[in-house]
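Beneath this line is the structure, given in structure tokens, with notes to follow.
The values are calculated or read from the model by the stated rules, or taken from the named source; none is laboratory data. Bear in mind that the values here come from a model prediction, so they are computed numbers and not experimental data. Reconstructed Cβ throughout: ideal geometry from the backbone, glycine too, with neighbour counts over all protein chains shown. SASA here: full protein model, heavy atoms, side chains in, ligands and nucleic acids out. Shrake-Rupley method; radii C 1.70, N 1.55, O 1.52, S 1.80 Å.
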Amino acid sequence: MILILKTGTTYKSIKTQYGDFEDWIIGKMSLKEGEYLIHKTENFQTLPPNNNYTGIVITGSHSMVTDIEPVENRMCSWLVNAHDNGIPILGICYGHQLLSFIFGGTVSYNGMGIVIGSENTLLTAEGKKDKLLGELPSIFKVYKAHKQSVCHLPKSAEILSVNESGVIDAFRFNESTWGVQFHPEFDQNITKAYINELSEELAGEGRDVLNLSDEVVDVAYGSKLLKRFKQITEKV
């Protein structure tokens, strides 16, 4: 069974039309009823029920990782223990930042403001060999919507992909814990809906909102990545 740690919820307007983070993950991963359990963990204190989880997916959130105090935080300690026990873990966007943070990395606000839309990510040499990302092209488009990014990773991490400016897009700890800054669970419509929801803030940053939305392309690799993670969990 795959555990989906729901760390937040999307905007009401998007949820009404498209569903929420966990719905998109379940759909793109082609999970069936009984193959997953959803646990809300917004307060980071309530632990999921005991189970023999084969994998863990940490959702995105509109909260900021820098607002979390990892010391004596029950959920952070639980995730470290799951990692130590070799359970495959995939952190998405906020989950990516959270994993970096609790293992000793640093996270901060993006200097250029909101990162949103579709853009290229480039696999590193290690990424091309990775069992999760290695089957993807060396350069591929991803969806993004985030205000914070991982600045520095602990030495135990391997960087798997970066954006065209060299900012970390994906990493791996040991053999079975991954973080991806992008949103493999998004689609073109959801990404455009995020741009629309954040249009005032983006305009305040001097961004051309209409052009930003028009530049969002159809991205095909989200399902492949999430289904590959499912395959990895089935081998545990």
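Peptides 16-25, 208-217 ranked from most to least packed by the mean count of surrounding Cβ atoms within 10 Å: 16-25, 208-217. Diffusion of the range 35-148 by Stokes-Einstein, at 4 °C in a medium of 1.567 mPa s and with Rh set to the Kirkwood radius over alpha-carbon pairs, works out to 82 µm²/s. Compute log10 of I(q)/I(0) for the chain with the Debye formula, placing one identical point scatterer on every Cα and leaving out solvent, at q = 0.12, 0.15, 0.18 Å⁻¹, to two decimals. At q = 0.12, 0.15, 0.18 Å⁻¹ the computed log10 ratios are -0.61, -1.00, -1.53. When the pairs 32/131; 12/129; 12/131; 40/147; 15/129 are compared against a 31 Å limit on Cα-Cα distance, 12/129; 12/131; 15/129 fall above it. Sparse packing (at most 10 other Cβ atoms within 10 Å of the Cβ) combined with a DSSP loop state is found for the following trypsin sites (Lys or Arg not before Pro) in the range 138-236: 155, 235. Extending 7 Å from Cα along the Cβ direction at residue 80 and again at residue 217 yields two label points whose distance is 4.2 nm. Across the range 78-108, the residues whose backbone nitrogen lies under 18 Å from the label position 7 Å along the beta-carbon direction of residue 46 are 78-79.
Sequence-ordered 3J(HN,Hα) estimates for the range 105-118 from the Karplus curve with 6.51, -1.76 and 1.60 and θ = phi - 60° stand at x, 10, 10, 8, 5, 5, x, 9, x, 5, 9, 7, x, 10 Hz, glycine and proline given as x.
With a 1.4 Å probe rolled over the protein heavy atoms of all chains, the accessible area of 151, 76 falls in the order 151, 76, largest first.
Structural descriptor for the chain: relative contact order 21 percent, calculated from alpha carbon pairs under 8 angstrom and at least 6 residues apart. Computed in the context of the full set of protein chains, the accessible area of the chain at 1.4 Å probe radius has 47% of its extent on carbon or sulfur. Dipole of the chain computed with +1 at Lys/Arg Cβ and -1 at Asp/Glu Cβ about the Cα centre; of 48, 232, 120, farthest Cα towards the positive end is 232.
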